[in-house]
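Before any comments, here is the structure.
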Amino acid sequence: MARIDVLLAMMADRGASDLHLKAGSPPAVRVDGKLSILRDQPAIAADDVTAMAREILEARHIPAFDEGADIDCAYSVPDVGRFRMNVFRQRGTVSMTARWVSAKHLSFTDLGLPPVVEKLANERRGLVLVTGTAGSGKTTTLATMIDYINRTREGHIVTIEDPIEVVHEDVLCVIEQREVGIDTPGYGDAMRHVVRQDPNIIFIGEMRDAETVSTALTAAEIGNLVLSTLHTIDATETINRIIDFYPPYQQRQARIMLGATLRGIISMRLIPAVGGGLVPAIEALVMTGTIREYILDPEQTYKIRDAMNEGEYYGMQTFDQSLIQLLQAGRISVEDAMSTSANSHDFRIKLRQIGVSVPASAVGG
């Protein structure tokens with residue numbers, strides 16, 4: 001077994017989400033959100049990190065790697081799992097990070113996701129976004145949504161990814177997974193042609209630029225279900241980010257298209273769970289007449305959070321509401337809830353209103 005395979009297997013055995021390899025240091029792993037250097041392992045020589053990088057890279061990556069480019073790719077270890085890899089340089093030596101990507105068929109309940117996620121996966125057309133920072137669970141959530149669709153209805157799913165992280169097999173759907181750099185030059189090029197490929201569901205790995213956003217909205221507008229991600233922290237920021245992709249003179253039209261196509265936004269944060277592990281806190285927006293009105297009017301967009309706060313009937317909830325639910329269920333600590341909340345003062349008041357004692361040492365964002 002190759003050295004990198006041994007290290008990835010060790011990472012999986014320790015239940016780690018990430019592995020860090022740096023010349024001159026022992027490996028480091030992230031478990032339950034906390035990064036630890038494995039002092040029981042020897043330091044890795046610079047030549048060994050370089051050799052391991054070459055083991056995982058495909059032939060097409062080597063010229064760019066030799067010229068000093070950062071490389072993203074996927075790598076699989078039999079009977080261990082699939083990993084998203086990044087190879088880069090620091091202080092003139094090669095470093096690597098690996099993120100484990102679950103290949104299990106998990107349910108929304110297994111992941112601790114609210115029923116609104118399944119509701120959005122059942123949409124037949126429109127735009128559904130899953131957002132959050134790196135490592136917040138976006139990839140696993142979207143893979144589960146695609147797997148759910150694949151097992152519950154017939155259709156044609158086209159994914160555009162960089163790289164392909166979770167490999168899906170045809171069940172009820174025909175699934176075609178296109179990797180940027182291998183199957184298509186880029187997201188924009190793929191999106192220009194995807195509507196001619198008779199899709200029902202389109203998954204875009206990330207909406208990175210104005211062209212991809214525009215074509216995604218158009219694809220949703222003509223009757224496809226479009227799933228994608230953004231690195232935004234909540235629903236309101238997501239809406240503003242999409243609109244900001246457009247120049248000012250096009251933003252009115254962008255608001256109209258978004259109001260017509262958006263079906264929902266799931267924003268995620270992972271929080272340490274009581275007893276170990278991580279649990280997702282979920283903010284959920286579902287399109288309603290009120291939400292559409294607030295999207296269309298830039299003077300009222302800030303009211304979206306208030307509408308979500310009062311939208312339980314539709315499955316909506318804010319992060320603070322999700323944190324309170326997790327607290328009441330005994331899933332997370334008060335301290336972790338406070339540190340995750342957007343406004344510690346307001347959140348402290350909410351906790352006192354429901355009779356939750358807040359330790360003086362607890363601080364928030």
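Every number here is computed from the coordinates shown, using simple stated rules; none is lab data. Being a predicted model, the structure only gives us computed values, none of them experimental. We place every Cβ from the backbone using ideal geometry, glycine too, and count neighbours over all the protein chains shown.
Tabulated values for the structure
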{"quantity": "Whole-number D in µm²/s for the range 1-49 (Stokes-Einstein; Kirkwood sum over Cα pairs; 37 °C, 0.692 mPa s)", "calculated": "301 µm²/s"}
{"quantity": "Estimated 222 nm signal from helices in the chain, with DSSP H stretches of n ≥ 4 weighted -39500 (n - 2.57), rounded to 500", "calculated": "-10500 deg cm²/dmol"}
{"quantity": "Relative contact order (percent, whole number), the chain, Cα cutoff 8 Å, 6+ residue spacing", "calculated": "12 percent"}
{"quantity": "For the range 251-267 versus the range 166-230, the gap between their alpha-carbon centres in whole angstrom", "calculated": "17 Å"}
{"quantity": "Dipole magnitude of the chain about its Cα centre (Cβ charges: Lys, Arg +1; Asp, Glu -1), debye to nearest 20", "calculated": "680 debye"}
{"quantity": "Stokes-Einstein D (µm²/s) once Rh is taken as the Kirkwood radius of the range 263-321 over alpha-carbon pairs, at 4 °C in 1.567 mPa s", "calculated": "105 µm²/s"}
{"quantity": "Once the Cα gyration tensor of the range 171-241 is diagonalised, semi-axes √(5λ) in Å", "calculated": "21, 14, 12"}
{"quantity": "Cβ-based charge dipole, the chain, positive-most Cα from S76, V279, V334", "calculated": "V334"}
{"quantity": "Kyte-Doolittle mean at least 1.6 and Cα axial length at least 24 Å: DSSP H helices in the chain", "calculated": "none"}
{"quantity": "For A273, distant residues with modelled amide H under 5 Å away", "calculated": "L278, V279"}
{"quantity": "Size of electric dipole in the range 115-332: Cβ of Lys, Arg +1 and of Asp, Glu -1, about Cα centre, debye, nearest 20", "calculated": "360 debye"}
{"quantity": "Most mobile of Y294, Y313, Y75 in a GNM of the chain (Cα contacts under 10 Å)", "calculated": "Y313"}
{"quantity": "The chain: most fluctuating residue of G137, G188, G112 per GNM, C-alpha cutoff 10 Å", "calculated": "G112"}
{"quantity": "Whole-angstrom Cα spans of the chain along principal axes, big to small", "calculated": "59, 58, 41"}
